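All remarks here apply to the structure that follows.
The values are calculated or read from the model by the stated rules, or taken from the named source; none is laboratory data. Keep in mind it's a predicted model, so treat the numbers as computed, not measured. Ideal geometry is used to build each Cβ from the backbone, glycine not excepted, and the neighbour counts take in all protein chains shown.
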Amino acid sequence: MRYEELVSLLDRNIAALSGKACALSDWMAANPELSGEEFESSRRIVGILSEAGFAVEFPYGDLPTAFRAVAGPGTGSQVAILVEYDALPEMGHACGHCVSGAMSVLAALALADLVGEAGGTLSVVGTPAEEVDGAKCSMADKGLFDGYDLAIMIHADAATSSPAFRSLAMDGYRFTFRGRPAHAAAAPWEGVNALNGVQLLFHALDMLRQHIRPEARIHGVIDAGGAAPNIVPEVARCRFEFRAPTLDYLNGLRERCLDCARGAALATGTEVFWETFEASFDEIVPNPAGERMIEEIFRELGISFVPPSLPSGSTDMGNTSRRCPALHPLLAITPRKVALHTRDFAAAVTEPEAHQALVAGARAIGRAVLRTFTDGELRRAMRAVVPPRPVA
């Protein structure tokens, strides 16, 4: 069957199934679940895919809310549509994962009876906890994305769309300073103030910001600063995230930040210990051939778009892009300029424009999957930019 005929059937299926997908998105918006706790969301999505005839593995990859659902003969080109469904504390789906997740599900449902005709096998992979620990990181480490010709999802955005997202590599570190308690009024000279170590680390990193690349980011919070003002704090803790456009630059930046922690401990007479508190995110590997394909599909669907911007946020999709060709376009679900991770964006996910974007995004994902299945030269061009695996 020709690509044009497959696209016609795809759009027919999407039109018939769009109501179910919009209802799924609205349900997730009304019932947000935090990263790693997406038990009901994952069960609902798995149930929908099972009813459509997908062979489901759930849980998947030793993650209780991850899954893999497969349609097709198991041979030919292999493509994965990724699904996100976690929400943010206090703000619900302020990153729009309810819309983007349902968008992926809709595309998968519409492709279910077409993959055999297209000569490929489709996997739908549920990837939880993107907002916290990034399940794609551990899944990539386990080789669960190896062998795919493409892994794709579309992320919700506001006001503008883009065929690609440029992300920052990121490390997250927790610092614990230890001192010695004392009565803060009666004998403060007997104490060693752990909070002073944390404070000095913040000041040192603030000074470091003057001398790093403008695209890099350093931001942190204090988790523990003492029990009471009349007790010299014995233990104080803080967390920082360090971000940079490339892993190479991030590695150097991280070492400078750790030197700041060492210096803060030396200056305050405290001890400092550190550990990672979340998985490290790689930057997304740009994929020119795949991005050109998305541009063509956006034009075909009448979706206006802008070129990829400079790296801004971070995503575990970067780790996926080092194991297989990966695409992460952005699609506006509201015409308003609303910042993500705000209550205003959380409110936008159930508006009519968000439902329209959900359907348009599913049509774009479906076309990208079909083009990958049917175009061997495209597959080779997308595969060419995946970094070689390091030798063990």
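Output yes when any residue across region 94-111 is in the same structural domain as residue 16 (by TED's automatic domain parsing), assigned to a loop (DSSP other than H, G, I, E, B) and surrounded by fewer than 22 Cβ atoms within 10 Å (Cβ to Cβ), and no when none is. The answer is no; no qualifying residue exists. Among the residues of region 322-331, none qualifies, meaning not one is over 17 Å from residue 154 (Cβ atoms) and at pLDDT below 95.
Answer yes or no as to whether residue 90 is free of Cβ contacts under 8 Å to residues at least 40 places away in the same chain and surrounded by fewer than 24 Cβ atoms within 10 Å (Cβ to Cβ). Considered against the rule, which asks whether it is free of Cβ contacts under 8 Å to residues at least 40 places away in the same chain and surrounded by fewer than 24 Cβ atoms within 10 Å (Cβ to Cβ), residue 90 comes out as yes. Selection of region 345-370 for residues being surrounded by fewer than 21 Cβ atoms within 10 Å (Cβ to Cβ) and over 20 Å from residue 304 (Cα atoms) yields 347, 350. Tell me, please, whether a residue that is without any contact (Cβ under 8 Å) to a residue 12 or more places away in the chain and either in the same structural domain as residue 331 (by TED's automatic domain parsing) or over 20 Å from residue 383 (Cβ atoms) (or both) can be found in region 165-186. Checked region 165-186: at least one residue is without any contact (Cβ under 8 Å) to a residue 12 or more places away in the chain and either in the same structural domain as residue 331 (by TED's automatic domain parsing) or over 20 Å from residue 383 (Cβ atoms) (or both). Examine region 137-147 for a residue that is surrounded by fewer than 24 Cβ atoms within 10 Å (Cβ to Cβ), basic (Lys, Arg), modelled with pLDDT of 95 or more and within 29 Å of residue 389 (Cβ to Cβ), and state whether such a residue exists. So far as region 137-147 goes, yes, one or more of its residues are surrounded by fewer than 24 Cβ atoms within 10 Å (Cβ to Cβ), basic (Lys, Arg), modelled with pLDDT of 95 or more and within 29 Å of residue 389 (Cβ to Cβ). Of all the numbered requirements in (1) free of Cβ contacts under 8 Å to residues at least 60 places away in the same chain; (2) not assigned by TED's automatic domain parsing to the domain that holds residue 301, residue 121 misses one, and that requirement is (2).
The single condition among (1) under 25 Å from residue 219 (Cβ atoms); (2) touching a strand residue (DSSP E or B) at 6+ places or on another chain (Cβ under 9 Å) that residue 369 does not satisfy is (1).
Of all residues in region 379-392, those that are charged (D, E, K, R) and surrounded by 10 or more Cβ atoms within 10 Å (Cβ to Cβ) have Cβ atoms under 7 Å from Cβ atoms of residues that are modelled with pLDDT of 95 or more and not in a loop (DSSP other than H, G, I, E, B), 6 or more apart or on another chain, in 379/77; 379/372. Tallying residues that are in contact with a helix residue (DSSP H, G or I) (Cβ under 8 Å, 6 or more places away or on another chain) and farther than 15 Å from residue 22 by Cα within region 89-107 yields 4. Here 307, 335 are screened, and the one residue that is more than 19 Å from residue 357 (Cβ to Cβ), assigned by TED's automatic domain parsing to the domain that holds residue 155 and out of contact with any Leu (no Cβ under 9 Å at 6 or more places or on another chain) is 307.
Scanning region 258-302 for residues that are closer than 30 Å to residue 8 by Cα, more than 18 Å from the chain's Cα centre (by Cα) and not acidic (Asp, Glu) returns 288, 289, 290, 292, 293, 294, 297, 298, 299, 301, 302.
Checking the structure you have, find out if any residue of region 152-159 is farther than 22 Å from residue 348 by Cα, within 16 Å of the chain's Cα centre (by Cα) and crowded, with 24+ Cβ neighbours inside 10 Å. Scanning region 152-159 turns up at least one residue that is farther than 22 Å from residue 348 by Cα, within 16 Å of the chain's Cα centre (by Cα) and crowded, with 24+ Cβ neighbours inside 10 Å. Quick one: is residue 139 within 20 Å of residue 280 (Cα to Cα) and in contact with an Asp or Glu (Cβ under 7 Å, 6 or more places away or on another chain)? Answer is no for this residue. The set of residues from region 303-334 being outside any loop (DSSP other than H, G, I, E, B) and either more than 14 Å from the chain's Cα centre (by Cα) or within 14 Å of residue 382 (Cβ to Cβ) (or both) comprises 320, 326, 327, 331, 332.
Given (1) under 22 Å from residue 176 (Cβ atoms); (2) without any contact (Cβ under 8 Å) to a residue 60 or more places away in the chain; (3) in a helix (DSSP H, G or I), identify the lone condition not met by residue 219. Every listed condition holds for residue 219 apart from (3). For region 1-60, the set of residues classified as among the hydroxyl-bearing types (Ser, Thr, Tyr), over 19 Å from residue 156 (Cα atoms) and surrounded by fewer than 21 Cβ atoms within 10 Å (Cβ to Cβ) consists of 3, 8, 50, listed by residue number.
Against the condition of a type in the set (D, E, K, R) and within 21 Å of residue 316 (Cα to Cα), how does residue 223 come out, does it pass? No. Counting only residues that are under 24 Å from residue 313 (Cβ atoms) and either surrounded by fewer than 21 Cβ atoms within 10 Å (Cβ to Cβ) or within 13 Å of the chain's Cα centre (by Cα) (or both), region 112-136 holds 11 of them.
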